[in-house]
1. Can you name the condition, by its number, that Ser268 falls short on among (1) touching a residue at least 24 places away in the same chain (Cβ under 8 Å); (2) over 24 Å from Lys327 (Cβ atoms); (3) assigned to a loop (DSSP other than H, G, I, E, B)?
2. Could you check the stretch 302-349 and list, in sequence order, the residues that are acidic (Asp, Glu) and touching an Asp or Glu at 6+ places or on another chain (Cβ under 9 Å)?
3. Checking Pro124 against (1) outside any helix (DSSP H, G or I); (2) free of Cβ contacts under 8 Å to residues at least 24 places away in the same chain, only one condition comes out false. Which one?
4. Taking the stretch 87-119, which residues are in a helix (DSSP H, G or I), of a type outside the set (Ser, Thr, Tyr) and within 12 Å of the chain's Cα centre (by Cα)?
5. Scan the stretch 209-252 for residues that are among the acidic types (Asp, Glu) and part of a loop (DSSP other than H, G, I, E, B) and jot them down.
6. Could you figure out which of (1) under 17 Å from the mean Cα position of the chain (by Cα); (2) crowded, with 22+ Cβ neighbours inside 10 Å isn't true of Ile190?
7. When the stretch 312-355 is examined, which residues are found to be farther than 24 Å from Glu87 by Cα, in a loop (DSSP other than H, G, I, E, B) and either among the aromatic types (Phe, Trp, Tyr) or in contact with a strand residue (DSSP E or B) (Cβ under 6 Å, 6 or more places away or on another chain) (or both)?
8. Val63 - would you say it is in contact with a strand residue (DSSP E or B) (Cβ under 8 Å, 6 or more places away or on another chain), within 24 Å of Glu217 (Cβ to Cβ), touching a residue at least 40 places away in the same chain (Cβ under 8 Å) and of a type in the set (A, V, I, L, M)?
Amino acid sequence: MKKTRLQLLVFVLVLCGCTKKTSEIIDLPRGNASSELIQAVDSFVAATQTRPAAPDSIVLHSVMVLKHGEVLLERWMNGYTPEMPHEMHSVSKTFTATAVGLAINEGKLKLTDKVVDFFPDKLPAKRSEYLNAMTVRDLLTMTCGHDEEPNTRRGDSVDWVEGFLAWPVVHEPGTYYLYNSVGTYMLSAIVQKVTGEKVLDYLDTRLFQPLHIERPEWAESPQGINCGGWGLRLKTEDMAKMGQLFLQKGEWNGKQIVPAEWLKEMSSYQVPSAPSGTRFEDLEAAGLNKDNNEWVQGYGYQMWICRHNSFRADGYAGQYIFVFPDKDAVLVLTTSSSLYQPYIDLIWEYLLNVL
């Protein structure tokens, strides 16, 4: 019996390798949520609407819960949908740090490389000893030595790299933590310098395509460098895939796409930390300590250490990828929130025990 034209077309596609392998994860697999999980998420959502006092607010956009690699529950609220990309703000930093790790794995740079060596044409006329000492690792851990964050990303008149390098380095690099988004921009600039590709392009074939993340948008500086510390836009499920990649120690569809040791370093305690805009010497006066604040638990490489044996990627206004290795679970939230610690306190109160 002659094959039909459709059968022949399928046969040719298979020979050409043009069909998708059924074993590949494109969308995350779905499972069934327990009644306890459903009730807990319902209670959490209700609490975000009723517990904060005006004028503070928590406006949830999405919630996604994964367990053992399956999406057990997903909610969309306030006009947001599964296909809608969301501004990641500082969750972008985790993706930039991943690019750094891949470049290190390919032998293109080292943690101990000096920042000044990448930009000899952009250095100030006088270079301090501390500026000369600053390393890639210092940028990753936000211990590059500034006493206040450089404001060089404002406007088009200043080259952001030149502005960063000209900013006073007051503390010995590696000894003083200060939240520093422009330092993450420098990591993006370094990756672009050593690979010849913007971070977005560099990650496309190495991370986004293997995870079946549709090529996202990423804002750039006037100099054509991805902002690194902010500006990435992803869907909620894209965020969940990144969290699951950490649980799977960098393996995806049977391939090691990110070195396991790098993801471990990113998500492990590297340096003591403080909330954005807060210096260590001000923590006690502000009443902040490890018992009541999620931003003083320690910092990895562009990721925050959390209580309850967890860690997170964290973005302004409440964009979170929480990873719970002990529970083999991931919790993703996108939000517009004027609250931070009270928001996370609700997560611990309502969701921790059902993950």
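1. The one condition Ser268 does not meet is (2).
2. Answer for the stretch 302-349, where residues must be acidic (Asp, Glu) and touching an Asp or Glu at 6+ places or on another chain (Cβ under 9 Å): Asp314, Asp345.
3. Result: Pro124 fails condition (2) only.
4. Hits for the stretch 87-119 are His89, Val91, Lys93, Phe95, Ala97, Ala99.
5. Within the stretch 209-252, Glu214 is the sole residue that qualifies.
6. (1)
7. Leu355
8. yes
None of the figures in this text is laboratory data; all of them are computed from the coordinates on show. If you're wondering where the values come from, they're calculated on a predicted model, not measured in any experiment. Reconstructed Cβ throughout: ideal geometry from the backbone, glycine too, with neighbour counts over all protein chains shown.
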